[in-house]
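Written below as structure tokens is the structure these notes are about.
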Amino acid sequence: MQILRIIKKHRLKIAITLAALVLTGYLADRVFFPLPKNLLRKPPSAFVYSRNHQLMGCFISSDEYWRKPIMLEDISPLLINSVLACEDRWFYYHPGFNIVSLILAAIDNVKAGRIVRGGSTITMQIARMMEPKPRILKSKIIEIFRAIQLELRYSKKELLEIYFNLAPYGGNIEGVGAASFFYYGKSPLELTPSQSALLAVLPRSPEELRPDKNFQRCIDARKRVLNVMLNKGLIDEREYSNALIEKIFVDRTGCPTTAPHICRELALANADRGEIISTIDPDIQTVCEKLLNRRARYLAQKDIHNASVVVMDNATGEVLALVGSIDFTDDMHSGQVNGALAPRSPGSTLKPFAYALALDKGLISPKMYLEDLPVYYSGYSPQNYDDKYRAVVSATDALRLSLNVPAVNMTAKTGLKEFFDLLRKGGISTIKGKYCDYGLPLVLGSCEVNLLELTNIYRALANDGIFAPYKLLTDQQITSCDTLFSEDSSYIIAEILSDLARPEFPSSWEFAENIPKIAWKTGTSYGRKDAWSIGFNPRYTIGVWVGNFSARPSPELVGVEAAAPILFEIFSAISSKTEGGWFSRPESVGIRDVCGVSGLVPGPYCESMVEEFYLPGISSSKRCDIHKEILVDKNTGNQLCRYCLKGKSYKCDTLAGWPAEIATWLNKTGSLVQNIPTHNPYCRGTSFGDRPIINSPRDDVDYIIREYLPPDLQCISLDASSASGTRQVYWFIDGYLHCTLEPGQKAFYIPAPGNHSIVCSDDQGRSSSVTIKISK
């Protein structure tokens with residue numbers, strides 16, 4: 001009662017005092033001495049696993065410690081109970097500090113004349129590990145304060161988890177996850193009683209009790225903990241006896257080095273994650289690594305020292321294998337460079353995308369003829385790999401032969417910007433700036449790509465034209481997809497690229513057994529510095545790059561010779577894992593007969609037919625106008641027309657009348673199968689064929705006379721293409737005959753300043769003209 005009267009009498013002062021204490025505590029806790037929570041979550045080491053949780057590589061943390069964060073439920077209950085029994089049996093009852101333990105520890109320290117006990121609770125140990133300080137009275141007071149803060153903010157379960165992830169276990173090992181791995185090669189959930197006993201005591205004196213430094217002390221400490229475990233009923237007599245004789249391993253468990261390039265990339269990209277589950281399939285990864293190692297000696301003989309491989313699952317986009325180089329440890333040839341991510345010139349590997357785009361626009365169909373002739377685009381003139389021109393070639397053969405000229409012409413028709421945007425949309429991040437910075441050579445590889453992204457855009461062809469980002473992590477979420485090509489054009493391109501009978505393909509391969517059916521394309525960069533081969537089937541898309549990281553060229557760096565054999569070997573090696581069959585033809589892809597020469601819808605005079613896939617409503621329905629019927633005088637062999645037909649004995653012939661440019665080239669190279677007969681010289685009617693086409697000079701070119709050069713070095717070429725059957729062409733300059741030539745011949749003239757009219761006529765009376773301006 002006396003106490004109640006005192007409280008009642010001084011209640012205002014007491015209330016003020018309590019409020020002051022609460023305010024002081026709040027300010028101390030929140031303002032003056034806030035709990036540094038960030039110190040409880042130290043940077044983890046990276047442990048990279050395969051898709052089936054097989055450890056592939058581990059990487060030390062940014063502050064040079066080995067840490068492997070782990071959840072409390074993934075720690076052996078025996079280890080948890082052993083730690084509580086030895087370190088803090090009143091853990092679940094105290095507010096962060098144990099006053100009895102602190103008093104007893106102080107008494108023992110005074111008696112011993114030195115510090116022999118700390119009296120710290122687990123919470124106080126967390127405070128000390130969070131902010132290491134000298135073991136003095138001031139530090140102990142701070143630990144108590146921090147322990148109270150910790151208890152106010154975290155549950156007992158959370159505090160135990162923090163303790164097990166911060167506790168030191170000798171050297172640069174912190175946390176029971178890392179300790180279990182490096183000392184025993186297992187998870188904390190799999191620890192034996194002997195192993196649990198050692199890990200329970202190690203944090204007390206991690207350096208003095210390390211088995212590799214003080215083996216006997218380690219044995220003695222383990223025995224003491226085992227005794228506690230036995231007395232507390234945590235283990236029985238049999239477990240105790242077995243634990244005492246269990247061997248303690250001194251050496252640390254080593255880290256594996258599977259797929260070192262991708263492991264390192266994932267560790268750097270996910271620095272905040274301790275456990276990284278990749279999409280890598282260790283079996284396929286091993287197959288790829290062994291195949292590259294097996295070819296290493298052969299390639300080295302050709303002065304080729306690097307190669308990279310990427311294998312993707314078409315359905316999921318998961319990267320199943322990634323080999324960055326032949327030998328990661330080869331310092332002489334920069335083996336640690338990840339060739340799968342290194343930007344390189346792709347050569348002809350981008351061409352299929354231009355053809356797919358043209359198919360979707362209806363500009364081509366597989367058998368339609370394309371021109372393969374010298375062409376000029378504002379000073380740029382593409383040339384084929386073999387420096388030859390074929391005049392006409394089907395779209396299928398142009399892609400199979402990887403011809404440059406048709407590919408450039410097609411890109412010009414579809415639109416360079418649209419092709420550029422398609423590549424960007426398809427995930428080619430190395431293409432930057434504006435489309436005009438690359439120009440039409442973009443389709444021939446005038447850019448840089450990396451193997452990983454190039455393989456992934458090919459995967460779109462295997463997925464009905466749908467592009468999606470690739471996956472390197474199993475928990476990676478793909479949120480968006482883009483349509484690059486139609487399902488129909490993707491199927492047609494796959495069919496074209498699956499043909500083994502290619503001139504650049506070693507002839508023996510076509511008849512070799514067990515070669516899997518794949519759609520594939522090769523590429524060789526300018527100067528023979530990079531060789532590529534990309535292929536796909538319904539299950540996988542695989543990319544191979546071969547070259548030197550130093551960009552050193554080699555005559556043997558040709559896609560079909562250096563990279564394609566590796567591609568087929570990998571497909572063959574993993575074929576047992578693939579599903580059978582091939583892509584199903586979409587219902588919207590039709591089959592039709594077309595002219596066997598022009599690839600167009602047959603006209604009335606077309607004789608040979610071939611089948612082709614086409615896109616109804618999209619592919620061109622133009623009828624063949626190459627084949628025409630002409631009337632030939634049976635006596636003279638001259639061509640007749642309706643003006644001179646009367647009274648003549650004649651027959652009907654069907655001939656191929658190619659456009660002037662093509663006819664001239666065919667005639668020049670001796671490839672013209674049948675010449676058109678000369679028209680009846682006594683007839684003034686119209687002859688069959690086109691008028692000449694002037695190739696040079698051009699009215700869109702500025703011609704300038706340079707005074708410091710002699711006139712004979714500044715001549716202008718007179719060059720024209722003429723229709724089949726033309727025997728002579730006549731060149732007129734400003735109304736005066738300059739020269740008479742045969743088709744395909746060139747002449748030159750010395751220009752004079754001013755405007756000039758140039759006319760080219762043939763012996764059938766057909767003519768073309770241009771006006772040019774000559775400046776000084």
Per-peptide average of other Cβ atoms within 10 Å, ordering 300-308, 605-613, 329-337, 246-254 highest first:
300-308, 605-613, 329-337, 246-254
Roughly how far apart, in whole Å, are the Cα centres of region 333-359 and region 515-552?
8 Å
What's the local net charge at V632, with K and R +1, D and E -1, over the other residues with C-beta under 9 Å away?
0
Using alpha-carbon pairs under 8 Å, 6+ residues apart, how would you state the relative contact order of the chain in percent?
9 percent
Using Cα pairs under 8 angstrom and six or more residues apart, how large is the relative contact order of region 529-648, in percent?
17 percent
Quick one: work out the % antiparallel among DSSP beta bridges in the chain, nearest 5.
90 percent
Each label sits 7 Å from Cα toward the beta-carbon; between K413 and S139 the label points are separated, in nm, by 8.1 nm
Eligible aspartates and glutamates near K361 by straight Cα distance, threshold 13 Å, same-chain separation 8 or greater
E418, D488
Give the long-range amide H neighbours of I431: residues separated by 5 or more places, or on another chain, with amide H under 5 Å away, using H modelled in the peptide plane at 1.01 Å from N.
none
If you keep only loop residues by DSSP, which GluC sites (Glu not before Pro) in region 525-581 have at most 14 other Cβ atoms within 10 Å of their Cβ?
E579
So what's the gap between the Cα centers of region 421-440 and region 369-407, to the nearest angstrom?
22 Å
Between K622 and Q728, what is the FRET efficiency for a Förster distance of 41 Å, r being their Cβ-Cβ separation, to the nearest 0.05?
0.80
Inter-site label distance for C652 and R204 at 7 Å from Cα along Cβ, in nm
11.2 nm
Charges on Cβ only, +1 for Lys and Arg, -1 for Asp and Glu, centred on the Cα centroid of the chain; of A407, F215, G335, which one is farthest towards the dipole's positive end?
F215
May I ask you to order 484-492, 278-286 by the average number of other C-beta atoms within 10 Å around their residues, highest value first?
484-492, 278-286
Table column - 3J(HN,Hα) (Hz), region 622-630, Karplus curve with 6.51, -1.76, 1.60, x for Gly and Pro:
4, 7, 4, 10, 6, 7, 9, 9, 10
How much length is gained if the chain between I591 and Y380 is pulled fully straight, taking 0.36 nm per residue apart and subtracting their Cα-Cα distance, in nm to one decimal?
72.2 nm
Percent accessible area from carbon and sulfur atoms, the chain, protein chains only, probe 1.4 Å
53 percent
So which lysines pass the test for K651, namely a Cα distance under 26 Å, with those fewer than 8 places away in the same chain ruled out?
K628, K634
Label-point separation, D700 to N38 (7 Å along Cα→Cβ), nm
6.1 nm
Relative contact order %, region 361-475, counting alpha carbon pairs below 8 Å whose residues are six or more apart:
20 percent
In a shell of Cβ-Cβ distance under 12 Å around E207, excluding E207 itself, what net charge do Lys and Arg (+1) and Asp and Glu (-1) give?
+2
What is the gain in length, in nm to one decimal, between L152 and D712 on full extension, counting 0.36 nm per residue of separation less the C-alpha to C-alpha distance?
191.9 nm
Amide H neighbours of A720 under 5 Å, counting only residues 5+ apart in sequence or on other chains, H built in-plane at 1.01 Å?
N695, G744
Take the residue pairs K388/K417; K413/K622; K37/K157; K302/K529 and return only those whose Cα atoms are more than 19 Å apart.
K388/K417
The equivalent-ellipsoid semi-axes of the chain, taken as the square roots of five times the Cα gyration tensor eigenvalues and listed largest first in whole Å, are 83, 29, 24
Where does each of 156-167, 414-425, 130-141 land if you order them by average Cβ count within 10 Å, highest first?
156-167, 414-425, 130-141
For region 557-623 and region 695-721, what is the centre-to-centre distance using only Cα atoms, to the nearest Å?
44 Å
K302/D327 FRET efficiency (R0 22 Å; Cβ-Cβ; nearest 0.05):
0.85
So if I place +1 on the C-beta of Lys and Arg and -1 on the C-beta of Asp and Glu, and nothing else carries charge, what would the dipole magnitude of the chain be about its Cα centre? I want it in debye, nearest 20.
3600 debye
Per-pair calculated FRET efficiency, R0 = 45 Å: K634 and K746 via Cβ, rounded to 0.05:
0.75
Counting only protein chains, not ligands or nucleic acids, how are K622, K351 ordered by accessible area (probe 1.4 Å), most first?
K622, K351
Going Cα to Cα from K425, which aspartates and glutamates come in below 16 Å? Please leave out same-chain ones fewer than 8 positions away.
E448, E453, D464, D482
Projected onto the charge dipole of the chain (+1 at Lys/Arg Cβ, -1 at Asp/Glu Cβ, origin at the Cα centre), which of T740, I60, A147 gives the Cα projection farthest towards the positive end?
A147
Please list, ordered by chain and number, the residues whose modelled amide H lies under 5 Å from the amide H of Y703; skip anything fewer than 5 residues away on the same chain.
K773, S775
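The values are calculated or read from the model by the stated rules, or taken from the named source; none is laboratory data. Remember, predicted model here, so these are calculated numbers, not experimental data. Because the Cβ atoms are built from the backbone with ideal geometry, glycine has one as well, and the counts that use them run over all protein chains shown. What goes into the accessible areas is simple: the full protein's heavy atoms, side chains included, and nothing from ligands, DNA or RNA. Shrake-Rupley method; radii C 1.70, N 1.55, O 1.52, S 1.80 Å.
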